[in-house]
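The values are calculated or read from the model by the stated rules, or taken from the named source; none is laboratory data. Computed from a predicted model, the values in this text were never measured in an experiment. No Cβ is skipped: glycine too gets one built from the backbone with ideal geometry, and neighbour counts run over all protein chains shown. Surface accessibility is based on the protein's heavy atoms, side chains included, excluding ligands, DNA and RNA. Shrake-Rupley method; radii C 1.70, N 1.55, O 1.52, S 1.80 Å.
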Amino acid sequence: MTTILIVDDEYNMRQLIDLVIVKSGFQTIHAENGAEAYQAISQHSIDLVLLDVMMPGEDGFEVCKAIHAMTMDKVPIIFLTARDAKDDKVKGLMIGGDDYIVKPFTAEELVARIYAVLRRTGTLIQETEVQFLQHGVIKLDEISRKVFIEDELIVLTLKEFELLYLFMKHPNNVYSREQLLEQIWDLNYSGGTRTVDTHIKTLRIKLGKKSKEASDYIQTVWGVGYRFEKDL
């Protein structure tokens, strides 16, 4: 499993990032500062570092240089920062950062950037190790998080992918809206169950544009919630 080191002095930010990327299939290790990051790298096999720029003591730029020296530039680094200054971005990339994300960022953006850097640096698990879920015309790639309808790629948001993944992983199971909120969103989400209906609707539309059969798999169980019906 791909292991990502999260280096940020803010506990809540580390927890939020952890929640997002663990749902996407990654393993995480946390560090509050440079010293803890160096210890983690010396003790574990790290595939990518998410590194906050603004930290007390050594800042992210200094930590980046030290990590590259420790790993012989073999571990990719994505900077996370609240500062959108062009000079900071240039500096981060010039000293060896592989990408630069400005806070606040969406879960979709973070996961997409992680996959892009892992693919670009050759760290992502190779195609021979990819596992697929397939029902009828829908094929879901668990590793690259891509979905195909009759071998044609369709683009889904993070939440749409996670809904489809859950459904295809457990076909014929009925999920209430509250269960879907708990499993796909998080316990602190306050948007209400209508967001589930909205995401299901857009997911069906995207699937249906490629194949009516594909959109029919996600069925409404009136008064309860939804299920993925694989035996149509």
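Quick notes on this structure:
- Test: Leu156 is within 24 Å of the chain's Cα centre (by Cα), under 26 Å from Ile17 (Cβ atoms) and assigned to a strand (DSSP E or B): no
- Any hit, the range 183-193, residues being touching a helix residue (DSSP H, G or I) at 6+ places or on another chain (Cβ under 9 Å), open to solvent by 30 Å² or more (accessible area, probe 1.4 Å), within 19 Å of Thr157 (Cα to Cα) and touching a residue at least 40 places away in the same chain (Cβ under 8 Å): yes
- Note on the range 152-178: among residues that are among the charged types (D, E, K, R) and farther than 13 Å from Leu203 by Cα, the one that is surrounded by the most Cβ atoms within 10 Å (Cβ to Cβ) is Arg177.
- Inside the range 72-90, residues that are surrounded by 15 or more Cβ atoms within 10 Å (Cβ to Cβ) and farther than 15 Å from Ile101 by Cβ make up a count of 1.
- Cβ-Cβ under 7 Å pairs, at least 6 apart or on other chains, the range 98-111 side more than 18 Å from Asn12 (Cα to Cα), far side of a type outside the set (Ser, Thr, Tyr) and in a loop (DSSP other than H, G, I, E, B): Asp98/Pro76
- The residues on offer are Asp8, Asp59, and the sole one that is in contact (Cβ under 8 Å) with a residue 40 or more places away in the chain and surrounded by 14 or more Cβ atoms within 10 Å (Cβ to Cβ) is Asp8.
- Residue in the range 45-58 that is modelled with pLDDT of 90 or more and on the phi > 0 side of the Ramachandran plot present: yes
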